[in-house]
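Undergrad: So that we are looking at the same thing, I have put the structure below in structure tokens.
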Amino acid sequence: MTTTAEKIEIMQAYENGKAIEYKGKNSEMWIPNECPTWGWDMCDYRIKPEPEIEQGNLLDMVQVHLSHWTSEERDVLNAIIKRLPEETK
């Protein structure tokens with residue numbers, strides 16, 4: 001059950017530009033909701049969780065996900081990443 005305070009937090013997050021998801025009361029699947037109608041009696045709402053990023057080398061993670069890029073595009077990305085502060089890598 002969602003408390004009034006939780007509802008306010010979710011709605012305020014929406015007002016602040018955060019992504020919101022919803023699911024039917026009998027569902028387990030969260031669905032993106034770009035314009036919620038706040039039907040709390042029929043749906044549950046939540047702030048979309050931030051993706052979890054494992055500790056590791058940023059360059060390695062990006063290269064795995066962008067392996068379809070051309071070598072020139074990867075070279076540009078590598079040059080940008082190498083200029084990042086060490087604590088973000």
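Undergrad: Using the beta-carbon distance between ALA19 and ILE81 and R0 = 30 Å, what value does 1/(1 + (r/R0)^6) give for FRET efficiency, to the nearest 0.05?
TA: 0.70
Undergrad: Could you calculate the contour length gain from ILE8 to MET42, that is, 0.36 nm times the residue separation minus the distance between their Cα atoms, to one decimal place in nm? Numbers along the way, then the final one.
TA: Values: separation 34, 0.36 × 34 = 12.24 nm, distance 1.71 nm.
Gain on stretching ILE8 to MET42: 10.5 nm.
Undergrad: Here's something else I'd like to know. Need the list of lysines near LYS48 for cross-linking: C-alpha distance under 19 angstrom, and skip anything on the same chain fewer than eight residues off.
TA: LYS7, LYS18, LYS23, LYS25
Undergrad: ARG74 to GLU52: FRET efficiency via 1/(1 + (r/R0)^6), r the Cβ-Cβ distance, R0 22 Å, to the nearest 0.05? Walk me through the numbers on the way to the answer.
TA: Numbers: r = 24 Å, r/R0 = 1.11.
Efficiency computed from Cβ-Cβ geometry: 0.35.
Undergrad: Just to check I understand the Karplus step: with θ = phi - 60° and J = 6.51 cos²θ - 1.76 cosθ + 1.60, what whole-Hz values come out for the stretch 13-23, glycine and proline as x?
TA: Once rounded to whole Hz, the list reads 4, 4, 4, 8, x, 6, 6, 10, 10, 9, 8.
We did not get these values from a lab; they are worked out from the coordinates using the rules stated. Keep in mind it's a predicted model, so treat the numbers as computed, not measured. Cβ atoms come from the backbone with ideal geometry, glycine included; neighbour counts cover every protein chain shown.
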